[in-house]
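Q: Next up is a structure, given as C-alpha cells.
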Amino acid sequence: MDEPSPLWPATLHHFQFNSENPQALVEFYEQGLGLSVREAGHDLWLVEGAERRFFIGRGRNETVAYSAFAMDDPIRLEALQRRLSDAGVTIEASPSPLFGNASFSVTDPDGQRLVFGVPPESARKGRDTLPGRLQHIVFATTDLDRIVAFYEQILGFAVSDRVVDENDRLTAVFFRSDEEHHTYAAFKSDGARFDHVALETSGWTDIRDWGDHFGSLRVPLWWGPGRHGPGNNLFFMVRDPDGNRVEISAELEIMPYDMAARTWPHEEHTLNMWGQAWMRS
Ligand SMILES: [Fe+2]
C-alpha cells in the first residue's frame, strides 16, 4: 500500500442531527445516552458525555448536517487540506464550533458535509454512565463507486471490507481512518441518506447493560443483538423519536493500515452472523 494519507489517524469526534422537533431528540438523548445538554446557539443544542458528543439542530428529519473527524496534529490537518485542494475539492469553512480556526469542511459526492479539525484539549474527563465512545457513522448511497473514489482515493481512508452482489457489484464498503475497522461506511440503497451512528463500548457485558438500560426506558431494540461479519463487532440498534438509528457496538476488529481489504457476499449472514439482517438493498 502507498504511504498513508495525512488523514491517518483520524477519529469520528462529533456530528449534527437535524430534526423538525429538536426538543424531543434532546430529551431522548439526554436520558437514552446519559448526556448533559447545553444550548449552543439558536435552535442548536450540544448533548455530550465524556466520550460521546453531538449537536441537535432544527432542520429536515433524519438528516445529518455534518460529520466531524478529529486529527491530533495541525501539520497533518494542513497537509490534508492541501491534498484535497490539489485534487480539486472545494474547501469551505467549518460549520462546527468545536474545532479551532484551522478546521475546514468539504462535501462528498452525495452532498454530505465532512469537517476535519484538531479538537482543543477537552475539559471533560469524567466517566459516562455507561461506556460508549462515539466511533463510526454510516450513510446510504445510490453510487458506491463514486463514494469509494472520494473516500479512498481523495480523502485517503483505507478500505477494510467490501460486500458484493452476485454480479460483483458493490453493496457496502467499510472505510477506516485509524486501526479500528471502520470510522465511516456506506451501503447501496435507493437514495442517499443517513444510515446509523455507533457507540463503541468496552465489551459484551456492556451490550447487556445497555440493553437493560434501554429496557428500563421502554426503548425496544430495533435490530440485534447480533454479530456483524465485516468488523466482527457485537451490536444492537435502537431508534430515536425521529427514527434515526443508533448502534451500540463491542469488539470491533482492529486492522493495521497495510492490512488488505476483504470481500463478503451480499447476504444476511454477512451483516448478521447470528441471523436476520437489515438489508438496505
Ligand atoms: Fe455500524
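The values are calculated or read from the model by the stated rules, or taken from the named source; none is laboratory data. None of the values given here were measured: they were computed from a predicted structure. Glycine also receives a Cβ, built like all others from the backbone with ideal geometry; neighbour counts cover every protein chain displayed.
Q: Would you point out the residue of segment 229-270, among those that are in contact (Cβ under 8 Å) with a residue 40 or more places away in the chain and of a type in the set (Lys, Arg), that is farthest from Val197 (Cα to Cα)?
A: Arg262
Q: State yes or no: is Asp168 surrounded by fewer than 20 Cβ atoms within 10 Å (Cβ to Cβ), of a type in the set (Asp, Glu), farther than 26 Å from Ser249 by Cα and in the same structural domain as Tyr257 (by TED's automatic domain parsing)?
A: Against the criterion (surrounded by fewer than 20 Cβ atoms within 10 Å (Cβ to Cβ), of a type in the set (Asp, Glu), farther than 26 Å from Ser249 by Cα and in the same structural domain as Tyr257 (by TED's automatic domain parsing)), Asp168 qualifies.
Q: Filter segment 115-152 down to the residues that are closer than 21 Å to Ser202 by Cβ, within 16 Å of the ligand (Cβ to nearest atom) and not small (Gly, Ala, Ser) and list them by number.
A: Answer for segment 115-152, where residues must be closer than 21 Å to Ser202 by Cβ, within 16 Å of the ligand (Cβ to nearest atom) and not small (Gly, Ala, Ser): Arg133, Leu134, Gln135, His136, Ile137.
Q: Just to verify a result, which residue in segment 15-38, among those that are without any contact (Cβ under 8 Å) to a residue 40 or more places away in the chain, in contact with a Phe, Trp or Tyr (Cβ under 9 Å, 6 or more places away or on another chain) and not charged (D, E, K, R), is nearest to Arg113 (Cα to Cα)?
A: Looking at the filtered set, the residue picked out is Pro22.
Q: Since Gly215 meets every condition but one in (1) assigned to a loop (DSSP other than H, G, I, E, B); (2) away from the ligand (no atom under 15 Å from the Cβ), which condition does it not meet?
A: (1)
Q: Residue check, Gly243 against (1) buried (at least 18 other Cβ atoms within 10 Å of the Cβ); (2) within 21 Å of Asp190 (Cα to Cα); (3) in the same structural domain as Ser189 (by TED's automatic domain parsing); (4) among the small types (Gly, Ala, Ser), all met but one. Which one?
A: Result: Gly243 passes all but (1).
Q: Report, by residue number, each residue of segment 153-162 that is in a strand (DSSP E or B), surrounded by 21 or more Cβ atoms within 10 Å (Cβ to Cβ), within 16 Å of the ligand (Cβ to nearest atom) and not polar (S, T, N, Q).
A: Result: Asp161, single match.
Q: Tell me which residues, restricted to segment 234-255, are near the ligand (Cβ under 10 Å from one of its atoms) and farther than 28 Å from Asn18 by Cα.
A: Answer for segment 234-255, where residues must be near the ligand (Cβ under 10 Å from one of its atoms) and farther than 28 Å from Asn18 by Cα: there is none.
Q: Right, here's the next one. I'd like to check something: does segment 171-185 contain any residue that is more than 19 Å from the chain's Cα centre (by Cα) and away from the ligand (no atom under 14 Å from the Cβ)?
A: No, segment 171-185 contains no residue that is more than 19 Å from the chain's Cα centre (by Cα) and away from the ligand (no atom under 14 Å from the Cβ).
Q: Quick one: how many residues across segment 178-195 are crowded, with 18+ Cβ neighbours inside 10 Å, of a type outside the set (A, V, I, L, M, F, W, C) and not in a loop (DSSP other than H, G, I, E, B)?
A: Matching residues across segment 178-195 total 4.
Q: For segment 228-281, give me the residue count where each residue is within 29 Å of Tyr29 (Cα to Cα) and in a strand (DSSP E or B).
A: 13
Q: All but one of (1) more than 13 Å from the ligand (Cβ to nearest atom); (2) closer than 16 Å to Met237 by Cβ; (3) not aliphatic (A, V, I, L, M) hold for Thr201; state the number of the condition that does not hold.
A: Tallying (1) more than 13 Å from the ligand (Cβ to nearest atom); (2) closer than 16 Å to Met237 by Cβ; (3) not aliphatic (A, V, I, L, M), Thr201 fails exactly one: (1).
Q: Follow-up question, since we're still on this one. Name the one entry in Phe139, Phe150 that is assigned by TED's automatic domain parsing to the domain that holds Phe175, of a type outside the set (Gly, Ala, Ser) and in a strand (DSSP E or B).
A: When all the criteria are applied, what remains is Phe139.
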